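In what follows, a structure is listed as structure tokens, so that the remarks can point back to it.
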Amino acid sequence: MKVPQWIVWDLGGVVVELDFSGMMEDATEKFNIDKSELLPLIREEFKESPSSYSLTEKAVAGLITKEIYVSEIKSAISSDVPEYEIESLLKRVLVGEKNETVLLIKKLAQRGFRQACMSNIDQTHWEKIQSFPNVDNLFEKKFLSFEHKLVKPNADAFLKMLEILGCDRDDVVFIDDREDNVKSARDSGIDGIVFENHAQLLKDFSARGLLT
């Protein structure tokens, strides 16, 4: 197997720790927001056409601005909670960096591998990630869906990623915690790894000659 030039990382669930249940608890306990009202608004599956996207999917796809996103969430749940607190609640899902992954990325950089991130993310959550100590500086290139208006698992997103990197398909290994995204990468001719846990990732990297 050819050793790749580029390692491309998903962010949420791979490099950044997520706490969806904690966000939902805050929604109900602190702000008295009904989960059944909030869940359809923040669905993030990208299985429907853009006309049927949830508000979060629209924001992640760059179809609405951060301001419209937060405002429409507030309107949809008929809440008296100020918009800045709605924004803070949405950001609550991102709780910090996965330290093992961050250390691995730094180790791979020392070994000379070029690294990028490719994330389905909206501006609101990207701003939260930029407050973390390492993530924003770990990657030479960044594919952020809200900027390019392309989302995984759309094949065009992977073609755009290759354009940004300026490399061939077989020069990349892509890591994501969602099987549908990895399948789309593989269908596009890009080697893909489904992230399950750190030990499994090390095993997959070793098999590709990335750690030797």
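The values are calculated or read from the model by the stated rules, or taken from the named source; none is laboratory data. A quick note: this is a predicted structure, and the numbers were derived from the prediction, not measured. In this analysis, Cβ positions are derived from the backbone assuming ideal geometry, glycine residues included, and neighbour counts consider all displayed protein chains.
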Worksheet item: Going by the conditions given, is Ile121 surrounded by 19 or more Cβ atoms within 10 Å (Cβ to Cβ), in a strand (DSSP E or B) and of a type outside the set (Asp, Glu)?
Response: no
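Here's the yes/no breakdown for (1) over 22 Å from Ile105 (Cβ atoms); (2) within 15 Å of the chain's Cα centre (by Cα):
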{"position": "Asp122", "(1), (2)": "yes, yes"}
{"position": "Leu144", "(1), (2)": "no, yes"}
{"position": "Val151", "(1), (2)": "yes, yes"}
{"position": "Glu163", "(1), (2)": "yes, no"}
{"position": "Val173", "(1), (2)": "no, no"}
{"position": "Leu201", "(1), (2)": "no, no"}
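A quick yes/no check of all residues on (1) more than 30 Å from Arg114 (Cα to Cα); (2) free of Cβ contacts under 8 Å to residues at least 12 places away in the same chain:
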| site | (1), (2) |
| --- | --- |
| Lys2 | no, no |
| Gln5 | no, no |
| Gly13 | no, no |
| Phe20 | yes, no |
| Glu25 | yes, yes |
| Phe31 | yes, no |
| Glu37 | yes, no |
| Leu41 | yes, no |
| Tyr53 | yes, yes |
Worksheet, complete the sentence: Inside segment 10-19, the number of residues satisfying the requirement of being crowded, with 23+ Cβ neighbours inside 10 Å and part of a strand (DSSP E or B) is 1
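Take Val95 and decide whether it is of a type outside the set (Asp, Glu), touching a residue at least 40 places away in the same chain (Cβ under 8 Å) and closer than 21 Å to Glu147 by Cα.
Values: of a type outside the set (Asp, Glu): yes; touching a residue at least 40 places away in the same chain (Cβ under 8 Å): yes; closer than 21 Å to Glu147 by Cα: no.
No: the conditions fail for Val95.
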Practice prompt. Being part of a loop (DSSP other than H, G, I, E, B) and either β-branched (Val, Ile, Thr) or assigned by TED's automatic domain parsing to the domain that holds Lys107 (or both) is the filter here, so list the residues in segment 20-48 that pass it.
Written response: Ile33
Worksheet entry | Lone qualifier among Leu159, Leu165, Leu150, Leu138 - being in contact with a Cys (Cβ under 9 Å, 6 or more places away or on another chain) and among the hydrophobic types (A, V, I, L, M, F, W, C) | Leu138
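Would you be able to tell me the number of residues in segment 52-108 that are of a type in the set (Asp, Glu), outside any helix (DSSP H, G or I) and in contact with an Asp or Glu (Cβ under 9 Å, 6 or more places away or on another chain)? Outline the logic, then answer.
In the first step, residues of segment 52-108 are kept if they are of a type in the set (Asp, Glu); the result is 57, 67, 72, 80, 83, 85, 87, 97, 100.
Right, trim to outside any helix (DSSP H, G or I) and you get 80, 97.
Among the residues that remain, those that are also in contact with an Asp or Glu (Cβ under 9 Å, 6 or more places away or on another chain) are: 97.
So the answer is 1.
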